[in-house]
Each structure stands twice: as structure tokens, then as C-alpha cells.
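Everything below concerns the one structure shown next.
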Amino acid sequence: MRLVAAKKTDPGRVREGNEDGYLVDDRMGLFAVADGMGGHQAGEVASATALEALRAAVASGEPIRDAIDRANEAVLERSAGDERLRGMGTTMTAGTLAAGGTLLLGHVGDSRAYLARDGELTQVTEDHSLVEEMVRRGELTPEQAEVHPRRSVITRALGIEPGVEVDLYPVELHEGDRMLLCSDGLTTMIRAEEIAAILRGEPDPQRAANTLVEAANAAGGEDNITVLVIDVTGDDAGPAGA
Ligand code: MN
């Protein structure tokens, strides 16, 4: 089994900067999206700091849960050392490919992972957001959540306190599967049905990633948009697979 990952990040049509970040490391089988927050570019520092710490931890053999904990500590340390970065934080949705073809996802915040299999799109992760918690308690319908004025308020992030709770989702990958990791700049702009249609309609992963970002921008592009489209292919029989 081999994973082929395409990535695309875009500031959107409203924001000045891009506080999203991503990480694709084919060699380690590591894929991550982080959506930073905090004033004066601090969000950019938060996502970049978290992703770098994640990479280092996975490279030194730590499992994804512990690696995300390292990322949390790194953001906390960085903001404690610089007054301008106080209060910054970031989401993190990250997967490592384990032997046997399982992608182990660790997740904090409201970025998302989806699995497209046999033409069906399934949301793998649960948002740590105010509106999603209200939906789970039956206080809002999913339709109300989509247009709620406070839909971008998240209830869990890296960089807020030590010992962050990380949700884990093992995904057993099959040949032909397609994973999508994305920031909320995609999912607050276009609906799951549209995402599913684009993933079905664009066999090339890079074109799919580009088209998703174009669709979010066409719908307003109110936030930074980041997408990773990861295709699960058969073993590479070519010389590069040796
Ligand atoms: Mn965002």
C-alpha cells in the first residue's frame, strides 16, 4: 500500500495572512493539518510551532498521541516566552501510517478528517466546537449549527493548557480509499455533499485539492483554507518502490 498526498493551502478571500499549516512527510507516513489562532500573526506561529514539534516527535518514534502532546507543550512554551504570542493556540488533525495499513489519526479542535470510500464520504473526526457540542446535546440541529454566529468557537486546542485530551481514530485503509484532512475554512464554506462530489469527480488528487479550495473561495473564502487529499494506491511496482 502506498499513499499519494496532494496539498493546497490558501488565505481565502477575506483574511490578510494564512494561519493554517500542514505537514506531509511521505517517508515517515505523516500527514497533518493545523489551524492557528491568536492576534498579530501569533496563529501562524502556533500552527508552525505545533507542526514542527509533531514532526520531531514522530521522527523520534513517539506514537501520534504523545507527539500531539509534544506539540501542545511546544506551543505553550513558545507563548510563555513571548508576550506578543500569549494566548495563541492551534487545532491539530494528524495521522501516521502504521504497519498493516492503518492510519492512526489524532485530533484536537475543529479541523476535520474525512474518508471517501466506494463513493461515500464519512466524517471521521468529531469537532471540538461549541456548536457541535450543542448538536450532540440536542440543543441545535446540524442545519442550525451550519449558520450559527458562534460556529467558529472551539472548545479544545493546543497551546491552552498542559495535558491536552487527544481523540484517536484508527482508520483501516483499503486500496482505492481517499482521505481528506482539512481546516474549517473548507467545511464552513461548502457542504459535505459538495465535498463528496468533488472528491468523486476529480480522480487526480492535486486537481481535487485545487478544486476544493476554489469551491470554498467561490462560496466566500471567509477563512484560510487548507486541504490534504491522500489517495491509497496499490504497491508501487516501479523502481522507486524498491
Ligand atoms: Mn480556520
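Going by the conditions given, is PRO11 open to solvent by 40 Å² or more (accessible area, probe 1.4 Å) and in contact (Cβ under 8 Å) with a residue 60 or more places away in the chain?
Criteria met by PRO11.
What do you reckon, is THR93 within 20 Å of ILE230 (Cα to Cα), in contact with a Leu (Cβ under 6 Å, 6 or more places away or on another chain) and either part of a loop (DSSP other than H, G, I, E, B) or without any contact (Cβ under 8 Å) to a residue 60 or more places away in the chain (or both)?
no
Going by what's in this entry, would ALA215 be described as over 23 Å from VAL147 (Cα atoms) and of a type in the set (A, V, I, L, M, F, W, C)?
Answer is no for this residue.
For the stretch 63-111, enumerate the residues that are more than 16 Å from the ligand (Cβ to nearest atom) and among the polar types (S, T, N, Q).
If the condition is that a residue be more than 16 Å from the ligand (Cβ to nearest atom) and among the polar types (S, T, N, Q), then ASN72, SER79, THR96, THR102 are the ones that fit.
Within the stretch 86-118, which residues are at positive phi and open to solvent by 40 Å² or more (accessible area, probe 1.4 Å)?
Initially, the stretch 86-118 is screened for residues at positive phi, giving 87, 100-101, 109, 118.
The answer is GLY87, GLY100, ASP118.
Is it the case, given these coordinates, that ALA99 is in contact (Cβ under 8 Å) with a residue 12 or more places away in the chain and among the aliphatic types (A, V, I, L, M)? Explain how you work it out, then say what you get.
Numbers: in contact (Cβ under 8 Å) with a residue 12 or more places away in the chain: no; among the aliphatic types (A, V, I, L, M): yes.
Judged against the criteria, ALA99 is not a match.
To keep it simple, each residue is scored yes or no on (1) more than 18 Å from PRO170 (Cβ to Cβ); (2) open to solvent by 20 Å² or more (accessible area, probe 1.4 Å); (3) among the aliphatic types (A, V, I, L, M).
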{"site": "MET1", "(1), (2), (3)": "no, yes, yes"}
{"site": "ALA5", "(1), (2), (3)": "yes, yes, yes"}
{"site": "GLY17", "(1), (2), (3)": "yes, yes, no"}
{"site": "GLY21", "(1), (2), (3)": "yes, no, no"}
{"site": "LEU30", "(1), (2), (3)": "no, no, yes"}
{"site": "GLY39", "(1), (2), (3)": "yes, yes, no"}
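Pull up the stretch 75-85, narrow it to residues that are surrounded by fewer than 22 Cβ atoms within 10 Å (Cβ to Cβ) and touching a residue at least 12 places away in the same chain (Cβ under 8 Å), then point me to the one that is farthest from ILE64 (Cα to Cα).
Ranking the candidates gives ARG84 first.
Residues that are modelled with pLDDT of 95 or more, within 16 Å of the ligand (Cβ to nearest atom) and open to solvent by less than 50 Å² (accessible area, probe 1.4 Å): find the strands (runs of 3 or more DSSP E) completely inside the stretch 123-237 holding 1 or more of those.
Once the strands (runs of 3 or more DSSP E) in the stretch 123-237 are filtered for at least 1 residues that are modelled with pLDDT of 95 or more, within 16 Å of the ligand (Cβ to nearest atom) and open to solvent by less than 50 Å² (accessible area, probe 1.4 Å), what remains is 178-182, 225-233.
With (1) surrounded by fewer than 20 Cβ atoms within 10 Å (Cβ to Cβ); (2) under 19 Å from GLY109 (Cβ atoms) as the list, and ASP26 as the residue in question, which single condition is left unmet?
If we test ASP26 against (1) surrounded by fewer than 20 Cβ atoms within 10 Å (Cβ to Cβ); (2) under 19 Å from GLY109 (Cβ atoms), just (2) comes out false.
Among the residues of the stretch 30-48, write down those that are away from the ligand (no atom under 16 Å from the Cβ) and within 15 Å of the chain's Cα centre (by Cα).
LEU30, PHE31, listed by residue number.
The values are calculated or read from the model by the stated rules, or taken from the named source; none is laboratory data. Please read all numbers here as calculations on a predicted model, not as lab measurements. Every residue, glycine among them, receives a Cβ derived from its backbone with ideal geometry; neighbour counts consider all protein chains shown. The protein model used for the area step is the full one, side chains on, heavy atoms only, and it has no ligands, DNA or RNA in it. Shrake-Rupley method; radii C 1.70, N 1.55, O 1.52, S 1.80 Å.
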